[in-house]
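Peer 1: One structure coming up, written as structure tokens, with questions to follow.
The values are calculated or read from the model by the stated rules, or taken from the named source; none is laboratory data. Remember, predicted model here, so these are calculated numbers, not experimental data. Cβ coordinates were reconstructed from backbone atoms using ideal geometry, including for glycine residues, and neighbour counts include every protein chain displayed.
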Amino acid sequence: MLKIDKRDLYYVMIAHMEYPRKPENRFRKCTGLPYYVHPLECAAMMLAETNRTIAEFQYDAALALVYHDVLEDTFRLLSQWLSERVVEWVNYLTLPEGGFSKTFNDIWGKPQEVRLLRLCDSTNNLRDMDCFSPEKQYEKKEQVLLLAEDAEQNFGALMVAEYARGLCSQIV
């Protein structure tokens, strides 16, 4: 069974609680949960996958998801013990000023593994859609559906893609 090392969990929890770029970002606006729950839930999606086509990179993918918001949302740097592949994927996932909507088309130039990671991130973000306007909900829904289709074309049937489609079906 794959699991994330405690030092990585602790590092990310401290980064989000003690070193946020904006103090109000310690907690999710819609749910009130500590922000670090989001990257941990994203990683859990990856670790729960049973599709063997991702087995070779599944652990690194989950670790990249644990760290994916550290550079963007905190004043911490990445841990020095991370592999080159994990650091590369985190850098691909780190959004510039302007956020995901303005850079969505850029994701198609990234490796297919990174697009799968973005699917996990975006799917988890759908859970907060009640906080967004109907227009924003529709935009995110369309993006997630494209990512889900891409992931399954590259890796076959995935639980995260099925979950994403289920969440999207609730957005009108």
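Peer 1: Hey, any hits in the range 15-32 for a residue that's in a helix (DSSP H, G or I), in contact with a strand residue (DSSP E or B) (Cβ under 7 Å, 6 or more places away or on another chain) and of a type in the set (A, V, I, L, M)?
Peer 2: Keep residues of the range 15-32 that are in a helix (DSSP H, G or I), which gives 15-18, 23-26.
Add one more test, that the residue is in contact with a strand residue (DSSP E or B) (Cβ under 7 Å, 6 or more places away or on another chain), and what stays is 15-17, 26.
The next check asks that each one be of a type in the set (A, V, I, L, M); those that pass are 15, 17.
So far as the range 15-32 goes, yes, one or more of its residues are in a helix (DSSP H, G or I), in contact with a strand residue (DSSP E or B) (Cβ under 7 Å, 6 or more places away or on another chain) and of a type in the set (A, V, I, L, M).
Peer 1: What residue, among those in the range 10-56 that are of a type in the set (A, V, I, L, M) and more than 15 Å from the chain's Cα centre (by Cα), is nearest to residue 126 (Cα to Cα)? Give the steps one after another, and end with the answer.
Peer 2: Residues of the range 10-56 of a type in the set (A, V, I, L, M): 12-15, 17, 33, 37, 40, 43-48, 54-55.
Subsequent filtering for residues that are more than 15 Å from the chain's Cα centre (by Cα) retains 13-15, 17, 33, 54-55.
On the way: 13: 22, 14: 25, 15: 23, 17: 22, 33: 15, 54: 23, 55: 26 Å.
Looking at residues that are of a type in the set (A, V, I, L, M) and more than 15 Å from the chain's Cα centre (by Cα), I get 33.
Peer 1: Take residue 144 and tell me if it is modelled with pLDDT of 95 or more, closer than 18 Å to residue 30 by Cβ, within 14 Å of the chain's Cα centre (by Cα) and in a helix (DSSP H, G or I).
Peer 2: Working: modelled with pLDDT of 95 or more: yes; closer than 18 Å to residue 30 by Cβ: yes; within 14 Å of the chain's Cα centre (by Cα): yes; in a helix (DSSP H, G or I): yes.
Taking the combined requirement at face value, the residue satisfies it.
Peer 1: Condition check: of a type outside the set (Asp, Glu) and part of a loop (DSSP other than H, G, I, E, B). Does residue 53 satisfy that? Spell out how you get there, then give the answer.
Peer 2: Values: of a type outside the set (Asp, Glu): yes; part of a loop (DSSP other than H, G, I, E, B): no.
In short, no.
Peer 1: Looking only at the range 29-38, how many residues end up being surrounded by 15 or more Cβ atoms within 10 Å (Cβ to Cβ) and in contact (Cβ under 8 Å) with a residue 40 or more places away in the chain?
Peer 2: Step one: filter the range 29-38 for residues surrounded by 15 or more Cβ atoms within 10 Å (Cβ to Cβ), giving 35-38.
Right, trim to in contact (Cβ under 8 Å) with a residue 40 or more places away in the chain and you get 38.
Qualifying residue count for the region: 1.
Peer 1: Still on this structure, I have one more. Yes or no: the range 56-72 includes at least one residue that is in contact (Cβ under 8 Å) with a residue 60 or more places away in the chain, over 26 Å from residue 21 (Cβ atoms) and among the hydroxyl-bearing types (Ser, Thr, Tyr).
Peer 2: No; the residues of the range 56-72 include none that is in contact (Cβ under 8 Å) with a residue 60 or more places away in the chain, over 26 Å from residue 21 (Cβ atoms) and among the hydroxyl-bearing types (Ser, Thr, Tyr).
Peer 1: Under 7 Å between Cβ atoms, which residue pairs at least 6 apart in sequence (or on different chains) link something in the range 81-96 that is under 9 Å from residue 114 (Cα atoms) with a partner that is part of a helix (DSSP H, G or I) and among the small types (Gly, Ala, Ser)?
Peer 2: Short answer, once both residue conditions are applied: 89/64; 90/64; 93/64.
Peer 1: Looking at (1) in contact with a Phe, Trp or Tyr (Cβ under 8 Å, 6 or more places away or on another chain); (2) at pLDDT below 90, which is the only condition residue 113 fails?
Peer 2: Going through the list (1) in contact with a Phe, Trp or Tyr (Cβ under 8 Å, 6 or more places away or on another chain); (2) at pLDDT below 90, residue 113 breaks only (2).
Peer 1: Would you mention how many residues in the range 16-67 are farther than 17 Å from residue 163 by Cβ and of a type in the set (S, T, N, Q)?
Peer 2: Residues flagged as farther than 17 Å from residue 163 by Cβ and of a type in the set (S, T, N, Q) within the range 16-67 amount to 3.
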